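Participant: Structure provided below as structure tokens; questions to follow.
The values are calculated or read from the model by the stated rules, or taken from the named source; none is laboratory data. Since this is a predicted model, take the numbers as computed values, not measurements. No Cβ is skipped: glycine too gets one built from the backbone with ideal geometry, and neighbour counts run over all protein chains shown.
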């Protein structure tokens, strides 16, 4: 039973191999990759239910007991992240098949996409710091290929920034690993949890801050975010959507995991994290307001939203962490949906530049609705999932007495709404026209390629489902947050003592 | 010995950092390579002194094998990604005959729009931003 948790990593890798073998037939590739991801979705949803009912699943690769062997752990937090990411990966794959842009022209799309999903799954499941580095590299190398898939000039330029900054972060991660091993003699996270507390104070805080910087680059925290709005928008739409939804959140996951599990309670950099969170929110949303392209506005919003998650972590209370987890769940779904609609806008208007398109709402009411749901949700308007998640965070912040950061988060929500209105007014209102006054591309009964719209709409529906099921989800997040704040349980499950 | 290695690590990191800050991609690639070497050397250093073997009897001193395994994995990964970066630099040469890492075009446009807005406040229905972009499109199709 426990050994099954290797499958979300192993299945996509196997699928990637098969996809290369059947590379001549695009249909066969599609069948293989969609089947694989459906299997991963089923498996990970089962894992969430099982972990919630029966406790953490642990397996040791090769049968070597921790801390010698490589450990794979699925606790509530990891299982939840795994399930959400699997669902998003599947929906975006369906969208990509419908779009046929990058997916249709490159043999490599399906195998690389599956390797990416294996890397993401492995990052969530690993219980070993070095294995986390390897998983990051698997995921990042796949993302390097996906972001430069077309090989156009803009993509090569953006790809360079992305690859170089990720490589720098990886090198720093290696240095952090070396320091960790030098000081403690282990890289198993459960084992480290106790041993880091025994280190001298200077070394402990240096290690803690180094890890925040390393993961902060991946998560696009305030001073380290600049690569994101530069490199994401140039990639093909489905690729940008999956990057926006998942990759930065893997960084956030690593920050939350390392800050709660590795760093002893006395050393937690709560105030630093809250300041960083506030600045991340503000800078991100101001960046978004000044942009003129749909994808670039949305890219800056990723940065701004990361601030909310870090704010929840920075409080270091059960309510705060539960709010952060709920926010991550909501954000992954909503952000991916928004980027998928941005792809649809670019498809119908031939460009994503707001000054050059308009009037989509009149010609394509369905697309307008599919955009409006996640947009209002992102801003935190009541019936949608963003409202529930923000409410959880704000009330946790008020309970903890952090009024400044709560105030900033509310102002940022308002500014988010403002920049969403900018997209709405630019792309959906006004006279109907595409790039250079051409007609909008309207085809079929839904107005756009059916598969793309259906994939986007199902994710939008899922975000509404999150709002409806927010009670049980919040209680689940609370249980997960309790696990996170009491790492002794995690350590006992992994080491058996 | 380990003081010498520590000094080497510091030198590799500082040279690597200097090269990564350059604008030419070829230099950045070398810089990334040096940084990778520095990090791997640091991993090797983390093994510490030789000591008793873990799995076999007490026959002489052994170094800790784990950091070597870690460094080997890291070397393979850095090597692969460096090759990818080189391929990217070549592609950049093919499409633009230059391997300089450029600024974000959109960022520069938005900065230019701000300046243009200040200059031509009275002529406000004229969309400078789009004109700028048209010019840019014209130069670099």
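Participant: Do you know which residues across the range A:107-154 are over 26 Å from residue A:495 (Cβ atoms), assigned to a loop (DSSP other than H, G, I, E, B) and away from chain B (no Cβ under 12 Å)?
Facilitator: Residues satisfying the conditions are A:107, A:108.
Participant: Name, by its number, the condition in (1) touching a helix residue (DSSP H, G or I) at 6+ places or on another chain (Cβ under 6 Å); (2) in the same structural domain as residue B:34 (by TED's automatic domain parsing) that does not hold for residue B:112.
Facilitator: The failed condition is (2).
Participant: Quick one: which helices (runs of 4 or more DSSP H) sit completely within the range A:1-103 and have at least 1 residues that are under 20 Å from residue A:141 (Cβ atoms), free of Cβ contacts under 8 Å to residues at least 40 places away in the same chain and in contact with a helix residue (DSSP H, G or I) (Cβ under 8 Å, 6 or more places away or on another chain)?
Facilitator: A:7-21
Participant: Only one residue in A:216, A:194 is more than 12 Å from chain B (Cβ to nearest Cβ) and more than 21 Å from the chain's Cα centre (by Cα), so which one is that?
Facilitator: Numbers: A:216 fails: more than 21 Å from the chain's Cα centre (by Cα).
Step by step, each of A:216, A:194 is checked, and only A:194 is more than 12 Å from chain B (Cβ to nearest Cβ) and more than 21 Å from the chain's Cα centre (by Cα).
Participant: Follow-up. What's the total number of residues in the range A:45-64 that are touching a strand residue (DSSP E or B) at 6+ places or on another chain (Cβ under 9 Å) and within 30 Å of residue B:70 (Cα to Cα)?
Facilitator: 8
Participant: To continue, here is another question. Of all residues in the range A:155-187, count the ones that are more than 7 Å from every other protein chain (Cβ to nearest Cβ), farther than 22 Å from residue A:216 by Cβ and under 24 Å from the mean Cα position of the chain (by Cα).
Facilitator: So the count comes out to 1.
Participant: Now, a different point. Cβ-Cβ distance below 6 Å, separation of 6 or more or different chains: which pairs start in the range A:364-386 with a residue that is at positive phi and end on one that is outside any loop (DSSP other than H, G, I, E, B) and buried (at least 19 other Cβ atoms within 10 Å of the Cβ)?
Facilitator: A:380/A:386; A:380/A:387; A:380/A:390; A:380/A:413
Participant: Tell me yes or no: at least one residue of the range B:25-36 is out of contact with any helix residue (DSSP H, G or I) (no Cβ under 8 Å at 6 or more places or on another chain), surrounded by 13 or more Cβ atoms within 10 Å (Cβ to Cβ), closer than 19 Å to residue B:86 by Cα and assigned by TED's automatic domain parsing to the domain that holds residue B:66. Quick ask: steps written out before the conclusion?
Facilitator: First pass over the range B:25-36, keeping only residues out of contact with any helix residue (DSSP H, G or I) (no Cβ under 8 Å at 6 or more places or on another chain): none.
So far as the range B:25-36 goes, no, none of its residues is out of contact with any helix residue (DSSP H, G or I) (no Cβ under 8 Å at 6 or more places or on another chain), surrounded by 13 or more Cβ atoms within 10 Å (Cβ to Cβ), closer than 19 Å to residue B:86 by Cα and assigned by TED's automatic domain parsing to the domain that holds residue B:66.
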